[in-house]
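The values are calculated or read from the model by the stated rules, or taken from the named source; none is laboratory data. Bear in mind that the values here come from a model prediction, so they are computed numbers and not experimental data. Backbone-built Cβ (ideal geometry, glycine too); neighbour counts: all protein chains shown.
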Amino acid sequence: MIKKIGESGDVKSKNDVYVKIEPSDKLVIKVETPLFDLFGEKITEEVKEVLDEFNIKKAFVTVIEKNALDFVLQARVEDALRNALGERDEVQT
Amino acid sequence: MKFRLRRSGLYVSGTDTKKMVDCGVYGADSVVLDLETSVPTSQKSFARILVKRALKKVNFYDSEVTVRINPIETFGEEDLHEIVQNKLNVVMIPEVSNNKTIKRLDSLLSDLEDERSITHKISIIPLIEDAIGLLSVEKIVEASERIVALTLDADDYLLSISGSRTKNEGELIYAKSKIVSVAKAYGCQAIDSVFLDENDDEGLYKESLAAKRMGFDGKRIVNPNHIEIVHRVFTPSLESIERAKRIMSEYKKNPDRKYLFLDGEIVRKAEIESAKRLLRGVF
Amino acid sequence: MEFVENSIGRLVPTEIDGRKLKPFKGAFAFKPKKRRSAFALEFAAREKLLPSIKDAIEAVGFEDGMTISFHHHLREGDYVLNMVLDIIAKMGFKDITLAASSLFNSQSEHLIKYIKEGVITAIEGGSLRGKLGAYVTTKNPLKKPVFVRSHGDRVRAIKTGEVKIDVAFIAAPTADEYGNCNGVEGKSACGPLTYSHVDAHYADNTVVITDNLVPYPATPITISQEYVDYVVKVDSIGDPAKIVSESTVITKDPVSLLIAKRAMKLIESSGLLKDGFTFQAGAGGISLAVTKYIHDYIKKENIVGNFGMGGTTKYLVKMLEDGVMRKILTVQAFDLYCIKSLKEDYRHTEISTSLYANIFSKGCAVNKLDIVVLGATEVDTKFNVNVNTHSDGLLLHPTGGHQDTAAGAKLTIITAPLKRGRIPVIVEDVTTVTTPGETVDAVVTERGIAINPRRNDLLEAAKRKKLPVKTIEELKNEAYKICGKPNPPKTTEEIIGLIEYRDGTIIDVVRQVKKNTSGIFEKII
C-alpha cells in the first residue's frame, strides 16, 4: 500500500526523469514530456508496467521526463514507488 | 574458471542515466557499473535499481559486465539481492581486508545463483584497500574459486597507511608487486588501479606502461577515449603470441617430458607457465 | 489542393498560390535548358551614400508586398535584419516576403512579432530555426508555405526568377561609398560575402549597410559597385562575439569520437585518399574530428589534397598551412582563424554560392568533391536523410549545402549517433526527406556502419578492412529496440513548408504540427 509520497530524480536533469508517487483512490498517471506525441502512450505503459510488477492499482503518478530511455524511466518509477511503500526509511546518512 | 582479457575496465557511475546505455559500444574488455564511490549515499537505492534494470535492457556487446557493489558491511548485501541476474559476469567488491568477506560473498552468490537459476558462476574481483588486506591477500585468494583477478585501490590504500601519491608511484611498489605476485601464483590476473584524469592521455600511457612492466594485465579507466591507449599497452605483442603458440605446441607433444627444447634452447618452467596464461587470455 | 506522389513516395502539391510546382523525379533527373536570365540595367553616376536606412527604403520606392533579402554570414550576431524590419514596420509597410538565405535564433522574436502584425506574410528560402520554426510549424501564420532551399537551390530560384527580390539588404563588414564591399575587414568581419552575390546581381535594388566605411575603393571587391544602389553607414552591423567563434573545438564526447574514428576508417577503405583528393566536412563536432583525422593520416602518408571546401574552420585552414592541402574554397567562415587565412593567404578563396552548388550553371564546385561528411537528424532504411525537421515534425533547420554536396561528391558519408536520448535517428521513414537516398553512400553510427546497397564496391572494401558493417535494417531495429518506435507527429492537413530539391522540384512537405507536451492517463478502479 502506498503510505506516503515517494519521489525520485531531479526536475532539472537532462536524459533523466522526475517521478512523484502519491496515494490516491484511483489510478492516474500524469506525463509531461517534450516527446509526448512520439512516446506519450509508451511512457504511460512503461509506468504502468512497474506499478503492475508491485501490484499497485491505485496511485497518483507524476512523471516529468526529459528524453530518457525506458529503463531509466522505470528505475525512477520503481525507486519512487519503493519509497512510497516505505522501503527507504532505514537508510542512515 | 573462464579466462578472458581484462586490459580495460571502463567505469560508469550507477547514477549515470546518459552514459550507461552506450558503455558497451567502445569495445572495452569490461564495463564496471559502480554502486560505490561514484554514488552518493542518498542515491544508492536508485543506483542499484537502475543497474538492475540496465543489466536487463542494455546491450553491452562483447564487454564483460562487472558491478562494483558496496562493502558487505554497509550496502553490499542489498546490492547483491537487487542486481544478481544472468547478464552479470563479475562482482567487484571493495574494502576486502580478510577472507571472511570473500567467503560470505561466495556463499551469497551461490544462494542467489540457485534461487534465480543463473546459468553460470559469477566471478569475483576483490579490491585491496588497506595494509591488512594486503597482508591477507593470499588467504583472500584462497577463500573462493570465483576470484579471477586482484586489484588495488591506490588512493584508499595510501590513505590507510598515511602515505601520499606521487607521479612516479614509488610509494606503491610494494603493494603493487605483492598483488601481482599473489595473483599470478594463484592463476589470477592483476589489474592496476583506476586512472581518473580524463584529459591526461600522456599520464595514462606512462602509468599503464609502468603497470605492464610490473606484470599487471590491465587497468581501470573512466574515459572511453582512453581504451585505445590501454589496449595498445596491455595487448600482448604478436611476437610473444607466436612464441607462446610454438612453446605450447611443443609442450603438448609430450607434457611429461622433463625438458622442453625450442630452437635448441631449454624453455624454462616460468616461460611455459607464462605461455599457458597468455594463450588462455587471447581469443 | 491537388497532390501527386513523387519518385520517393512522398505526396507533394502540384500548385501553391498560383505557382505550378514540379514533383521530385530523382537526384539527377532534371536537365535545365541552356538560357541565361538577364537583369535590369541602369545608370548609376549618382551619389549612393544615404544618411539612414529609412532614407534608403524611401529611395528605392519601397511598397507593400515587396520581397526583401539578407545574407546570413553574421549568423547569431546579426543586427541588420532586425534593424531593417523594425524600420519597415515602423514606416507602416505590410505583406512583405522575406527571402533571407537563412534565419537565426537572435531574429526569432522580431520575426514572430512582425508575422503576427502582418508585416511579414511569407518566407522564401533558407529555413526557420528555433522559436520561429516552432511557431510557424505549429501556428501556420503565413499566407504561403515556407520554401526551404539548399544553398545551390536558392541561387537557382533567384536566377530563374522564381524568387524575385525587390530589395536586397547586404550587411557589409567593409564598404566604400560607391557600394564595393567585402567581409574580411572591419570590426564585424565575417569572412566571405558569398550568399549575397546572387542577391546583388538579380535584385531590383541593392542597399549596402556597413559599420566600416572606407575610402574608395574598398578592396577586396567581393560585391561590386556595379550592382549597388545605395550605401548606409550604421554604428554596428553585428556582435563580433556571435558572428564567428573565437575558435572551434573538436568534440570530446566519446560517442562522437567513436563515430568520427569509424568514419575515418571507412574513408581510408574507400581508396579515395590519394594525392589530389578533395573533401568537405561540416563544422559540427564529429566533422571537425574527421577533418583532424584526415589531416593526421595524409601527413603521415605524404598525401596532398587538391582542395578542401566549407563551412571552413581552423582545422581545414591548418591543413593548408601544414602543406597537406593545396587550396581552400570557402562559402562560409566559422572562426577568426579562417577569416585571417582568407584575407592573407592567396590559396584560400571565397566562392559564390552559385559557383559552389548551383546546378543551373556550367558546373559547380560540389561536382569536384571526392568525399563529404555530413550530419542528420534522421536517416531511414532507404538512406533518405532528414536535416530540416526533428522527429516531432517541427521545421527547425536549414538544408544548407546538404543536398548539393551529397549529389556532387563521390563518397557521401552521413555521421550520426544511432539515437539522441530516446529519439531514434535511424528510422523506417524519415519525418521529412531533405536529401534522397540515391545520393547517400554510407551511414556511420556508434553501433555500426550501413552502406547503401548501390555501393557494392564500398561494401566489399569495408568488409575487407573488418569494419563493423551492418545493414540499415539492422541499425533501425537496434534503434527501435533501444528507444521504442515513436509515433509520427500529429499534424493537420495544412502545409506550412515545402522542401525543394536543388533542381527546384518538391521533394517533401512539412505539415502543421499539433504539438502536445503533456497528457493524463486516468483509470478509475
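The criterion of at least 3 residues that are of a type in the set (Ser, Thr, Tyr) and more than 21 Å from B:Gly9 (Cα to Cα) is met, among helices (runs of 4 or more DSSP H) falling completely within the range B:39-121, by B:99-115. No other residue among B:Val51, B:Val12, B:Val32, B:Val25 is of a type in the set (Val, Ile, Thr), touching a residue at least 60 places away in the same chain (Cβ under 8 Å) and surrounded by 22 or more Cβ atoms within 10 Å (Cβ to Cβ) apart from B:Val32. Strands (runs of 3 or more DSSP E) fully within the range A:2-45 that include at least 2 residues being at the interface with chain C (Cβ under 7 Å from one of its Cβ atoms) and touching a Gly at 6+ places or on another chain (Cβ under 9 Å): A:27-32. Once the range B:35-48 is narrowed to residues that are within 13 Å of chain A (Cβ to nearest Cβ) and among the hydroxyl-bearing types (Ser, Thr, Tyr), the residue that is surrounded by the fewest Cβ atoms within 10 Å (Cβ to Cβ) is B:Ser42. All of (1) in contact (Cβ under 8 Å) with a residue 24 or more places away in the chain; (2) away from chain C (no Cβ under 13 Å) hold for A:Ile64 with one exception: (2).
The residues of the range C:392-416 include none that are surrounded by fewer than 24 Cβ atoms within 10 Å (Cβ to Cβ) and polar (S, T, N, Q).
Selection within the range B:137-172: residues that are part of a loop (DSSP other than H, G, I, E, B) and within 18 Å of the chain's Cα centre (by Cα). The member of this set that is farthest from B:Val84 (Cα to Cα) is B:Asp153. Selection of the range C:278-300 for residues being within 27 Å of the chain's Cα centre (by Cα) and either assigned to a helix (DSSP H, G or I) or without any contact (Cβ under 8 Å) to a residue 12 or more places away in the chain (or both) yields C:Gly285, C:Ile286, C:Ser287, C:Leu288, C:Ala289, C:Val290, C:Thr291, C:Lys292, C:Tyr293, C:Ile294, C:His295. Among the residues of the range A:46-64, those identified as more than 13 Å from A:Ala84 (Cα to Cα) and in a helix (DSSP H, G or I) are A:Glu46, A:Val47, A:Lys48, A:Glu49, A:Val50, A:Asp52, A:Glu53.
When each of C:Leu329, C:Leu342, C:Leu374, C:Leu355 is tested for being more than 19 Å from the chain's Cα centre (by Cα) and hydrophobic (A, V, I, L, M, F, W, C), the lone residue that passes is C:Leu342. When each of B:Arg280, B:Arg213 is tested for being basic (Lys, Arg) and at pLDDT 85 or above, the lone residue that passes is B:Arg213. So, of the residues in the range C:320-379 that are among the basic types (Lys, Arg) and not in a strand (DSSP E or B), which turns out to be surrounded by the fewest Cβ atoms within 10 Å (Cβ to Cβ)? Among those that are among the basic types (Lys, Arg) and not in a strand (DSSP E or B), it is C:Lys362. Scanning the range C:264-277 for any residue that is buried (at least 24 other Cβ atoms within 10 Å of the Cβ), in a helix (DSSP H, G or I) and not assigned by TED's automatic domain parsing to the domain that holds C:Val184 turns up at least one such residue. C:Asp503 fulfils the conditions (1) among the charged types (D, E, K, R); (2) in contact with a Leu (Cβ under 6 Å, 6 or more places away or on another chain); (3) not assigned by TED's automatic domain parsing to the domain that holds C:Gly393 except for a single criterion, (2). Regarding C:Asp235, is this residue more than 14 Å from every other protein chain (Cβ to nearest Cβ), more than 27 Å from the chain's Cα centre (by Cα), farther than 27 Å from C:Lys314 by Cα and at pLDDT below 95? Considered against the rule, which asks whether it is more than 14 Å from every other protein chain (Cβ to nearest Cβ), more than 27 Å from the chain's Cα centre (by Cα), farther than 27 Å from C:Lys314 by Cα and at pLDDT below 95, C:Asp235 comes out as no. Checked against (1) at pLDDT 95 or above; (2) within 14 Å of chain A (Cβ to nearest Cβ); (3) in a helix (DSSP H, G or I), B:Val25 passes all but a single condition, namely (2). Residue check: C:Gly393 meets all listed conditions (1) at positive phi; (2) more than 14 Å from every other protein chain (Cβ to nearest Cβ); (3) touching a residue at least 24 places away in the same chain (Cβ under 8 Å) but one, namely (2). As a summary of the residue check, C:Thr505 satisfies the conditions (1) over 22 Å from C:Ala122 (Cβ atoms); (2) more than 14 Å from chain A (Cβ to nearest Cβ) except for the one numbered (1). Could you please find all residues in the range B:142-170 being under 22 Å from B:Asn70 (Cβ atoms) and β-branched (Val, Ile, Thr)? Passing the criteria: B:Ile147, B:Val148, B:Thr151.
Among the conditions (1) farther than 19 Å from B:Ile49 by Cβ; (2) at pLDDT 95 or above; (3) surrounded by fewer than 23 Cβ atoms within 10 Å (Cβ to Cβ), the only one that B:Gln85 does not satisfy is (1). The condition of being under 29 Å from A:Leu73 (Cβ atoms), exposed (fewer than 15 other Cβ atoms within 10 Å of the Cβ) and not charged (D, E, K, R) holds for only one of C:Ile482, C:Ile423, C:Ile520, that being C:Ile520.
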